[in-house]
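Chemist: I'd like to ask some things about the structure below.
The values are calculated or read from the model by the stated rules, or taken from the named source; none is laboratory data. A quick note: this is a predicted structure, and the numbers were derived from the prediction, not measured. Every residue, glycine as well, gets a Cβ built from its backbone with ideal geometry; the counts of neighbours run over all protein chains shown. The area values use the complete protein model at the heavy-atom level, side chains included, leaving out ligands, DNA and RNA. Shrake-Rupley method; radii C 1.70, N 1.55, O 1.52, S 1.80 Å.
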Amino acid sequence: MLGQLGRTDLTTDDRLHFHFALGKAFEDSADYVRSFEHYAEGNRLRRSVVDYDADELTDRVRRSKQL
């Protein structure tokens, strides 16, 4: 999986899944530092493709409750 991360043709989605898989693999082998690095990178990539705004969601929930 580490070799796959060197590919230039991976989509962001593919790349983040490799990072999460590596995070789990390193976690299972008790290499927690490397595990966290891959989980952190997977989450960074996920945030780059997910359109999420906490304030917007809070406002939407507030308006839904009023309705």
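Chemist: So what is the accessible area of the chain per residue, in Å², with the probe set to 1.4 Å? Let's see the in-between values first.
Modeler: Values: 5200 Å² over 67 residues.
I get 78 Å² per residue for the chain.
Chemist: Could I ask something else about it? From the phi of every residue in the stretch 56-64, what ³J(HN,Hα) in whole Hz does the Karplus formula 6.51 cos²θ - 1.76 cosθ + 1.60 yield, where θ is phi - 60° and glycine or proline is x?
Modeler: Whole-Hz 3J(HN,Hα) from phi for the stretch 56-64: 5, 5, 4, 5, 5, 5, 4, 5, 5.
Chemist: Within 13 Å, Cβ to Cβ, of Gly42, how many net charges do the neighbouring residues add up to if Lys/Arg are +1 and Asp/Glu are -1? Before the final figure, lay out the partial values.
Modeler: Working: positive: Arg15, Lys24, Arg34, Arg44, Arg46, Arg47; negative: Asp13, Asp14, Glu27, Glu37, Glu41.
With Lys, Arg at +1 and Asp, Glu at -1, the net is +1.
Chemist: Then there's this: Within the chain, report the chymotrypsin sites (Phe, Trp or Tyr not before Pro) that DSSP leaves as loop and that have at most 16 other Cβ atoms within 10 Å. Kindly include the intermediate steps, with their values, before the conclusion.
Modeler: Details: sites: Phe18, Phe20, Phe26, Tyr32, Phe36, Tyr39, Tyr52; in loops: Tyr52.
The qualifying sites are Tyr52.
Chemist: Per residue, what volume in Å³ does the convex hull of the Cα atoms of the chain enclose?
Modeler: On the way: hull volume 7.2 nm³, N = 67.
Convex hull volume per residue, Cα atoms: 108 Å³.
Chemist: Ok, one more. Evaluate the distance, in nm, between pseudo-label points positioned 7 Å from the Cα of Leu10 and of Ser48 along their respective Cα→Cβ axes.
Modeler: 1.1 nm
Chemist: Okay, next question. How large, in percent, is the carbon and sulfur part of the accessible surface of the chain at a probe radius of 1.4 Å?
Modeler: 53 percent
Chemist: How far is helix 32-49 tilted off the main Cα axis of the chain, in degrees rounded to 10, range 0 to 90?
Modeler: So the helix axis and the longest Cα principal axis differ by about 50 degrees.
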